[in-house]
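Data first, discussion second: the structure below is written as structure tokens.
The values are calculated or read from the model by the stated rules, or taken from the named source; none is laboratory data. For clarity, every value in this text was computed on a predicted model and none was experimentally measured. Cβ: placed from backbone, ideal geometry, glycine included. Neighbour counts: every protein chain shown.
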């Protein structure tokens, strides 16, 4: 048909923040014809909420250059994305953590062969209410805050008030990374409030003077003066470092990580075209423009 393809973008808010970008085709052919081969005209990306904004920005820019291809981006957490990849319900899994051994074993049982591609880097920003007087914390102090119910703000330089600890849910790659990197695999305190999405942590911290949470750097920067970002010290003798593109890239900021895309095998056809774009100079510019750190 000669009708011009129409592009639509929808923002959906269920229990987790889900951003779906879709390009509605006006052709008579099947969107998924050819599987992951060259005839595929519909790509699905599912997983990390931390990466929703980045993946959506990639998708939008890519679709502007490839008007006959649809890209759908959905959040839900890294674990959810990996499960979708293993179940064959997504082409690409966005993950803010590495795939686990038990997930790899399950994948092989299902004849799925996860292929890992590092596409960006991210700093995990610790955020508090703008009126909170605390400006910096050590990794040890952060660990105690998120694991010890008895700790109060006065123990780390704040008011003599209880600390409201906010965390992502266990399906989140950010939850897993923070637990491994900061808590040294200790359990989060029982009273920690588990939030369904990064945006929920930003919202809660912006309105509660006793709250503390952790979010991807891009989300913290986008929140601007709604939250205050805390500088982090590796230990008592180390300098306090603010998360930024430069400090994450150089490794000076102590809470940083790579971000991944997982595919079933080597990328092919339209999926390869999309992945090549993400790693290109234009795609990596999208990374920096959205508050993440480029890998190239």
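A compact table of results
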{"item": "Residue ID - surrounded by the most Cβ atoms within 10 Å (Cβ to Cβ), chosen from residues in region 91-112 that are in contact with a helix residue (DSSP H, G or I) (Cβ under 7 Å, 6 or more places away or on another chain) and farther than 22 Å from residue 198 by Cα", "result": "91"}
{"item": "Residue check for residue 217: touching a helix residue (DSSP H, G or I) at 6+ places or on another chain (Cβ under 9 Å), surrounded by 15 or more Cβ atoms within 10 Å (Cβ to Cβ) and not assigned by TED's automatic domain parsing to the domain that holds residue 47", "result": "yes"}
{"item": "Count of residues meeting criterion [more than 21 Å from residue 121 (Cα to Cα) and either under 14 Å from the mean Cα position of the chain (by Cα) or free of Cβ contacts under 8 Å to residues at least 40 places away in the same chain (or both)] in region 171-199", "result": "5"}
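This table checks each residue for (1) touching a helix residue (DSSP H, G or I) at 6+ places or on another chain (Cβ under 9 Å); (2) touching a residue at least 24 places away in the same chain (Cβ under 8 Å); (3) in a loop (DSSP other than H, G, I, E, B); (4) under 30 Å from residue 64 (Cβ atoms).
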{"residue": "202", "(1), (2), (3), (4)": "yes, yes, no, yes"}
{"residue": "224", "(1), (2), (3), (4)": "no, no, no, yes"}
{"residue": "237", "(1), (2), (3), (4)": "no, no, yes, no"}
{"residue": "247", "(1), (2), (3), (4)": "no, yes, no, no"}
{"residue": "286", "(1), (2), (3), (4)": "yes, yes, no, yes"}
